[in-house]
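Right, one structure below, let's go through it.
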Amino acid sequence: MPVRVVLPADPLLGTEQQEIVARLWKRRQTETGWVFLVGLPSYRDLEDGSVEAAEYRVWVRAPQHVRRVDGVDYDQVVTERLERSPQSVVREVLGERRASGWVLAKVRGGRGPDRGGVLHAPDCDEAPQGAPLLDLERALNVAENPATRLCPLCGCAQELSPLLKGFDHITGSESGES
């Protein structure tokens, strides 16, 4: 199928932006938009010193670098649509992911290493603003302190309890039972 390809201006040669008719081979949808595989008319040198018509194929961005040719039906052009990634499906169902990690709301008035607090997900309404983000290992170390509680409102308790107590407490089974 014919398509118009927009060639860039070349300030060194003093040429303006130009359009040439090329062959459209394929269309592909990407994460950042559409690209078209076009065949630009060109020449090639042969071993015997002669020159023949040739085609140079290149991917170009649409619509920045291509224009339709009036009256041409592009329905028959091979078109590769972007498959929905598992991440995009998860994002659509669950919404955007929260920041990875946890924050500690320290208890006022406590002193020393036994001073407790409450661990929260960073997006919890009860989480302190500007508190440092704790990675999993640091959050588990803080959570092991008997004076530290895990917030039940934001899911911190549901996320960290199985790692602290094992998974048996979730189903009510005791250790050692099969």
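Data overview
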| quantity | calculated |
| --- | --- |
| Residue-by-residue Karplus 3J(HN,Hα) for the stretch 7-21, coefficients 6.51, -1.76, 1.60, Hz, glycine and proline x | 8, x, 5, 10, x, 5, 8, x, 9, 7, 4, 10, 10, 10, 8 |
| Accessible surface, the stretch 1-43, averaged per residue in Å² (probe 1.4 Å) | 67 Å² |
| Positive-end extreme of charge dipole, the stretch 122-163 - chosen from Ser161, Thr148, Pro128 (charges on Cβ) | Thr148 |
| Descending semi-axes in whole angstrom, ellipsoid equivalent of the stretch 1-55, from the Cα gyration tensor | 25, 19, 10 |
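The values are calculated or read from the model by the stated rules, or taken from the named source; none is laboratory data. Just so it is clear, the structure is predicted and the values come from calculations on it, not from any experiment. Reconstructed Cβ throughout: ideal geometry from the backbone, glycine too, with neighbour counts over all protein chains shown. Ligands, DNA and RNA are excluded from the accessible area calculation, which covers all protein heavy atoms including side chains. Shrake-Rupley method; radii C 1.70, N 1.55, O 1.52, S 1.80 Å.
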